[in-house]
Amino acid sequence: MTRKLFGTDGVRGTANMHPMTAEMALAIGAAAGRYFRREAGGTHRVVIGKDTRLSGYMFETALTAGLTSTGMNVLLLGPVPTPAVGLLTPSMRADVGIMISASHNPAHDNGIKFFGPDGFKLSDEAEAEIEALVEAGVEPAQAGNIGRAKRIDDGRFRYQERVKSSFPHGMRLDGMKVVIDCANGAAYRAAPEVLWELGAEVIPVGTHPNGLNINDQCGSTKPQTAAETVVAHGADVGICLDGDADRVILIDEKGTVADGDQIMALMAGRWAEEDRLAGGTLVATVMSNLGLERYLGDRGLTLARTKVGDRYVVEMMRARGFNLGGEQSGHIVMTDYATTGDGLMAGLQFLAEMVRTGQPASRLARNFEPVPQLLKNVRFGAGQTPLDAASVQGAIAEAEAQLSGRGRLLIRKSGTEPLIRVMAECEDEALLAQVVDGIVAEVQAAAG
């Protein structure tokens, strides 16, 4: 069936506009409850977490109503990082986990992400079945079988203990000054507390959410404030999370930003040295820089690419037995410790390497020279399909011919926003700008 609700990371959109309305959340909750409820008796349980968006209250309530109407018992975690839901779903023997978040999007957006009973994100097939149930409608449970809802007060603390368990036993961060930017999001309490408990001097940024300031000029997509704070305070490193804390961007002591590719390069190289990089392979998406692929190849390691979306990275990791993967945007997935990207956990891995080697962040965060890469986004209106236009197809074909043997081109529709993403890589920066700008102009004309 054609997917109308689910994108690359659950259901997402502007709050109080289709599909992110209270009515739709109610229907999605009922559909998910029907899909996951076991028919052979026993309890039926779902855990729900959320980030700090104002609309989270509305969606939490609507989802709870839909789920309990089908007999599911709901455990409400409150504001917690997305990876906490992945952790606590199997830990609490739940049938399903739900995270209410639009990740790095602005506060007016929100989303609904699902985790299966194993703590991993759902497959496309499972999401399609839930979507079919939304369209068809579901029969509610009989009055005596309606579910209950209960708030869980210690979910954040359980998550924090799991995060700390991924840090080398006995190692401490004494004497290290760390800026932590929580994007006024889900980790605004968990991340500073974990770093402090491990001994760091913590300088918090983005830790005063008000429901409307999540990702607002802060966090992994806007690291400038954190970079300025690192330099101003003479900090050793900065860690920037996004709104639901499943991705991370690092800042060295000079204020220079390092993306997920550089972090993955460091971790893959180190894990390979310790003979713990399964299959000698790092899994990343088509967006990761060609420089990362060359870096790994020089060390006899492999880069396996997937389509964009951290859950596709995880699907390949699970299918082929790999244990390290992620995205250039900062999702770092370590299946030895977590079921999804965990920005805080990845940040701790970087800090551990700083402690182990005695090297500054600037040395560890620059592992390869990136091939020049240019990414531009073009917004389009509802119902528009600019990529289907003959003029756009012609521009893409011409660009591919120009880049043949010299670089690569990637054109895709975003799975989370109404955007066409135009990305190219090439050592010749003039040619790079020429091909990207040419395609962008044609897409804009087709979407105009």
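All of ARG93, ARG53, ARG156 fail the test of being basic (Lys, Arg), at positive phi and either touching a residue at least 12 places away in the same chain (Cβ under 8 Å) or not in a helix (DSSP H, G or I) (or both), apart from ARG93.
Within segment 26-79, the set of residues being of a type outside the set (Gly, Ala, Ser), over 25 Å from the mean Cα position of the chain (by Cα), surrounded by fewer than 21 Cβ atoms within 10 Å (Cβ to Cβ) and at pLDDT 95 or above comprises ASN73 only. The test for being at pLDDT 95 or above, of a type outside the set (A, V, I, L, M) and not in a loop (DSSP other than H, G, I, E, B) holds for THR225. Checked against the criteria, VAL138 counts as assigned to a loop (DSSP other than H, G, I, E, B) and among the β-branched types (Val, Ile, Thr). Within segment 168-198, the set of residues being surrounded by 15 or more Cβ atoms within 10 Å (Cβ to Cβ) and in a loop (DSSP other than H, G, I, E, B) comprises LEU173, MET176, CYS182, ALA183, ASN184, GLY185, ALA186, ALA187, TYR188, ARG189, LEU198. Number of residues in segment 96-119 that are part of a loop (DSSP other than H, G, I, E, B) and either of a type in the set (Lys, Arg) or open to solvent by 30 Å² or more (accessible area, probe 1.4 Å) (or both) equals 5. Restricting segment 389-427 to residues that are of a type in the set (D, E, K, R) and touching a residue at least 40 places away in the same chain (Cβ under 8 Å), which is farthest from PRO370 (Cα to Cα)? Within segment 389-427, the match that is farthest from PRO370 (Cα to Cα) is GLU417.
Here LEU266 clears all of (1) open to solvent by 10 Å² or more (accessible area, probe 1.4 Å); (2) at positive phi except the condition numbered (2). Out of everything in segment 304-322 that is assigned to a helix (DSSP H, G or I) and open to solvent by 60 Å² or more (accessible area, probe 1.4 Å), what residue ends up being nearest to LYS113 (Cα to Cα)? It comes out as GLU315. Do we have LEU301 as more than 23 Å from PHE167 (Cα to Cα), open to solvent by 40 Å² or more (accessible area, probe 1.4 Å) and more than 19 Å from the chain's Cα centre (by Cα) here? Taking the combined requirement at face value, the residue does not satisfy it.
The values are calculated or read from the model by the stated rules, or taken from the named source; none is laboratory data. In this text, all values refer to a predicted model and were calculated from it rather than measured experimentally. Every residue, glycine among them, receives a Cβ derived from its backbone with ideal geometry; neighbour counts consider all protein chains shown. Keep in mind that these areas ignore ligands, DNA and RNA; they rest on the heavy atoms of the full protein, side chains included. Shrake-Rupley method; radii C 1.70, N 1.55, O 1.52, S 1.80 Å.
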